[in-house]
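What follows is a single structure, written as structure tokens, with notes after it.
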Amino acid sequence: MLTFLIVCITSQGCYRSPGVWKNEEINGNVRADFHARTDELITYIKYNQIKRVKGVLSRELNSDNYTEPLVEHLSNRFKDDNYRLWEEYYLVSKFIDADTVKSGVTGINKYNMVFSQPPHEMYITFFLPGKKQNSYLISIIWSKLDYGWRVTGLSAEPYTKNGYTGPELYNLAKDAYNKGDLIDALLKAQLAGTCMNPMPEWQYPDADSLADFSGRLIALANEKYRFPFVLDQIPTKPKIFRVFNQDNDEGWFPTVDYLSIIKLKDEAAIRKENAQIRKIIGTVMPGIDKDKKYVQYSAFNELPSVKREVDRVEMTDTLKK
């Protein structure tokens, strides 16, 4: 059973009027109390002590079948990366049906949080790892319910890919599109889409615009390339049937999947054909091999499907060292 020092937040009502306090604006005793609560919870999560974790969760989270897998996921995150407190908010809700928390962040990464039917009081903490190249934002939300303070929000969602946030990737996608690099723009826009909701309540102003932009890029790409796209410049005429972002240990990079008439067993010939593809890929799909460390390739003799795995030869073109 958790034991915590009861401070003025519960006994004296330090914050009676609606408002939002962030980081150092929050009363020192209140911060200390919730740091203690959260640190203890994180310890339980790290060691996957699910019964102790459930002791501080809301009834809704405890009844959710996804909670236990989520705790295991969070356990791996906290153990694998050096997470540290990034930002925290204390909220006394103004409205019952919905309330918006303005982060105060300016510039490209400004965001708001929108809570539907929020409890009267909430304490929100965000954690980021020391290395932010491909990071997840861990969020923990404490809410004052009629049966005490409980965790009502717990999540770990992508915050950056290749060192960029969703809005930053969106800007890079627009830059690529303005240069005429259609596939590169689409790949960047798709990466941006994976980072646009670091927590369920998080809202970037450009999220809807990105969705429209990505839809237009998909339509243009399908019209221009009509997959499978045949590389007529190469004698064996390989057929590109898919281009997407795929991760490796260093980040997310373009991956080109194609059909080859060369038998995969003849790996030397497959690699020779791939070398020819590498020479022209930047002409066929401008921008795909610019400003990146790798382009990844997979050669197939038959199309894969969700029902059946098929053999392939995977190859990586290292562009930067």
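Test of understanding: among K79, K51, which residue is touching a helix residue (DSSP H, G or I) at 6+ places or on another chain (Cβ under 8 Å) and open to solvent by 10 Å² or more (accessible area, probe 1.4 Å)?
K79
Restricting to the range 268-298, name every residue that is open to solvent by less than 80 Å² (accessible area, probe 1.4 Å) and within 22 Å of D249 (Cβ to Cβ).
Those that are open to solvent by less than 80 Å² (accessible area, probe 1.4 Å) and within 22 Å of D249 (Cβ to Cβ): N274, R278, I288, D289, K292, K293, Y294, V295, Q296, Y297, S298.
Contact list please: Cβ distance under 7 Å, first residue in the range 293-321 and among the aromatic types (F, W, Y), second residue open to solvent by 100 Å² or more (accessible area, probe 1.4 Å), pairs at least six apart or on different chains.
Qualifying pairs under 7 Å: none.
When the residues of the range 235-261 are narrowed to those that are in a strand (DSSP E or B), closer than 19 Å to E302 by Cα and among the charged types (D, E, K, R), which ends up least open to solvent (accessible area, probe 1.4 Å)?
Here the answer is D257.
Looking at the structure I just gave you, is L264 free of Cβ contacts under 8 Å to residues at least 40 places away in the same chain and surrounded by 12 or more Cβ atoms within 10 Å (Cβ to Cβ)?
no
Here's a check for you: in the range 109-140, which residue that is open to solvent by 60 Å² or more (accessible area, probe 1.4 Å) and over 17 Å from the mean Cα position of the chain (by Cα) is farthest from D206 (Cα to Cα)?
That would be H120.
Take residues that are on the phi > 0 side of the Ramachandran plot and tell me which of the strands (runs of 3 or more DSSP E) falling wholly in the range 108-207 contain 1 or more. Show your work before the answer.
On the way: elements: 112-116, 121-129, 136-145, 148-158.
Where strands (runs of 3 or more DSSP E) fall fully within the range 108-207 and carry at least 1 residues being on the phi > 0 side of the Ramachandran plot, they are 148-158.
Across the range 187-234, what is the number of residues that are touching a residue at least 40 places away in the same chain (Cβ under 8 Å), over 26 Å from the mean Cα position of the chain (by Cα) and open to solvent by 70 Å² or more (accessible area, probe 1.4 Å)?
Number satisfying all stated conditions: 2.
The values are calculated or read from the model by the stated rules, or taken from the named source; none is laboratory data. Keep in mind that what you see is a predicted model, and the values were worked out from it rather than measured. In this analysis, Cβ positions are derived from the backbone assuming ideal geometry, glycine residues included, and neighbour counts consider all displayed protein chains. We work out accessible area using only protein heavy atoms, side chains counted, and drop any ligands, DNA or RNA first. Shrake-Rupley method; radii C 1.70, N 1.55, O 1.52, S 1.80 Å.
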